[in-house]
Amino acid sequence: MRKVLSLALTAALSLSLAACGGNTESNSSSTSTDATNTSKNSNSTAETRTLKLAALETAYGSDVWKEVISGFEKANPGVKVETTIDKSLEDVIGPGMKSGDFPDVIHLAVGQPKGLTETFIKDNNLSDLTDVLSMTVPGESVTVKEKLIPGFTDTTITNPYGDGKTFLMPMFYSPTGLFYNAGLLEEKGWSVPTTWDEMWALGDKAKADGIALFSYPTTGYFDSFFYALLNEVGGPEFFTKAMNYTEGIWQSPEATQAFDIINKLATYTEKTVPANGNKDNFTKNQQLILDNKAIFMPNGTWVVGEMGKAPRAEGFKWGFTALPAVKTGGDRFSYTFFEQIWVPAKAKNADLAKQFITYLYSDEAAGIFAKVGAVQPIKGMASKLEGDNKLFYSIYDGGAKAAMGAFATTEPVEGVSISDTVFGTVDSLVTKAKTQAQWVEAITKASDQLRGALK
């Protein structure tokens, strides 16, 4: 599971993946030292530079990192990569960093349970990676910027301070949207809704058959949903204003339309969802789609792997669509959640870390990642995919627009979490513990408090 996202996206991956245990693996030899020291033997005086990589173990597993690291070490004689790959990465590396032992490069997206990446952003403890964009990809004749799909390094996530500088580099990306059982819709003769009016009509038909219209793994998954919806009701400029806590934005007609849609969707949601919307039981909410007990759920491409061994209804096959448009002919959006890789400001080997990140965008490394479904935002990668992934990553070829970005980074404000306030309240809307008016009031209050704390 991506998070909980709260992009998402809340995605990320990984309440399920962060749920238990983990392993720490090392590819470094016992003679490895850091970049400032040397390793000697009887035959030579060769410098062995050690790069410390910390990466969240997700559904892609740890072996893929081993293969990529092997390629990097072969291309860089004298370099050894020491790895810490763990499902609970924040817990594993946190204590060491408190005592001054920092990894050189960290693969950990925003939106994780402990918010470690967000803490580094808020504390200005990241290395500037803007120069990585102009570095030539190893073994190739193009720069990183030339290789990346446009837009992925122009977001409020990669450029958190609004100064045009990139501090987090995009890694694996997953289009998000509404997943469903295409076999069920074919069996019933139902069409995939292209507008919200069509969605409500389908919800009424499904209800008559004892099927809920909607489910969600946890409220965290409403980040990607909400971000896409804001783009639909008001466009990218409106979305940017909302992400920057513009005064009065939540009382605008566009925001009201978005709130109305989510509140109405709550009434079409399977009633057992809030009780299972946690890291221990979220797969039960996803199982509703496989069992034909609900039609749509917001999710990312990783859900296929998560539910790969789960039982399913006869004739089940994955379907995937962008959010319905707010009006006929209107824009439809699919939010793209993407993971990030970054370098702590106190990393001992920042230059070597940048070389490693640059290598990750090579055809060699991208091909290794793609074998396990970890797709990077590199031009032309979608055409190389097969099966379900080809369906998912082609969503933008069918007319859907990509939404990216998230709430702007602020100085810490005690007791205020915009993600919890905006997304976490959805459970209460479904159970009717809170009203739409109470929800909007809380969002407005949190937004007002964060506006003055913008970095």
Three-way shape call for the range 333-455 based on the alpha-carbon gyration tensor, with the a/c threshold at 1.5: oblate
Options Thr272, Pro298, Trp342, ranked by Cα towards positive dipole end of the range 263-351, top entry (Cβ charges): Thr272
The chain, accessible surface, carbon-and-sulfur percent (1.4 angstrom probe): 48
Sequence-separation-based contact order of the range 69-160, relative, with Cα cut under 8 Å and 6+ spacing, percent: 11
Model label zone, Thr328; criterion: amide N under 19 Å from point 7 Å along Cα-to-beta-carbon; scope the range 179-219: 191-203
Segment Thr246-Lys205, length gained on full extension (0.36 nm per residue, minus Cα span): 10.8 nm
Considering only the chain, percent of DSSP beta bridges that pair antiparallel, nearest 5: 50
Segment Asp128-Ser394, length gained on full extension (0.36 nm per residue, minus Cα span): 92.5 nm
Heavy-atom surface of the chain, accessible at 1.4 Å and reported per residue (Å²): 40
Farthest toward positive dipole pole in the chain [+1 Lys/Arg, -1 Asp/Glu at C-beta], among Val430, Phe239, Gly330: Val430
Efficiency of FRET from Cβ geometry, Thr267 and Val416, R₀ 35 Å, rounded to 0.05: 0.75
Peptides ranked, highest mean first, by Cβ atoms within 10 Å: ranges 224-236, 48-60, 159-171: 224-236, 48-60, 159-171
Using a Förster distance of 25 Å, the FRET efficiency for Glu146-Ser70 (Cβ separation, nearest 0.05): 0.45
Nearest-0.05 FRET efficiency for Lys165 and Lys379, computed from C-beta distance (R0 22 Å): 0.45
Of (i) 80, 52, 40; (ii) 75, 40, 38; (iii) 69, 46, 41, the label for Cα extents along the principal axes in Å derived from the coordinates: (i)
Computed helical MRE - 222 nm, the chain, DSSP H runs ≥ 4 contributing -39500 (n - 2.57), nearest 500: -10000 deg cm²/dmol
Relative contact order %, the range 226-284, counting alpha carbon pairs below 8 Å whose residues are six or more apart: 27
Stretchable slack from Glu47 to Gln438, in nm (0.36 nm times residue separation minus alpha-carbon distance): 134.5 nm
The range 177-226: radius of gyration over Cα atoms, expressed as a fraction of 2.2 N^0.38 Å: 1.21
Relative contact order, percent, the range 41-123 [alpha-carbon distance under 8 Å, six or more residues apart]: 38
Antiparallel DSSP beta bridges within the range 52-111, percent to nearest 5: 0
Cβ charges +1 (Lys, Arg) and -1 (Asp, Glu), total dipole of the range 269-312, debye: 60
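The values are calculated or read from the model by the stated rules, or taken from the named source; none is laboratory data. Computed from a predicted model, the values in this text were never measured in an experiment. Neighbour counts are summed over all protein chains in view; Cβ atoms, including those assigned to glycine, are modelled from backbone coordinates with ideal geometry. Side chains are part of the model used for accessible areas, which takes the heavy atoms of the whole protein and leaves out ligands, DNA and RNA. Shrake-Rupley method; radii C 1.70, N 1.55, O 1.52, S 1.80 Å.
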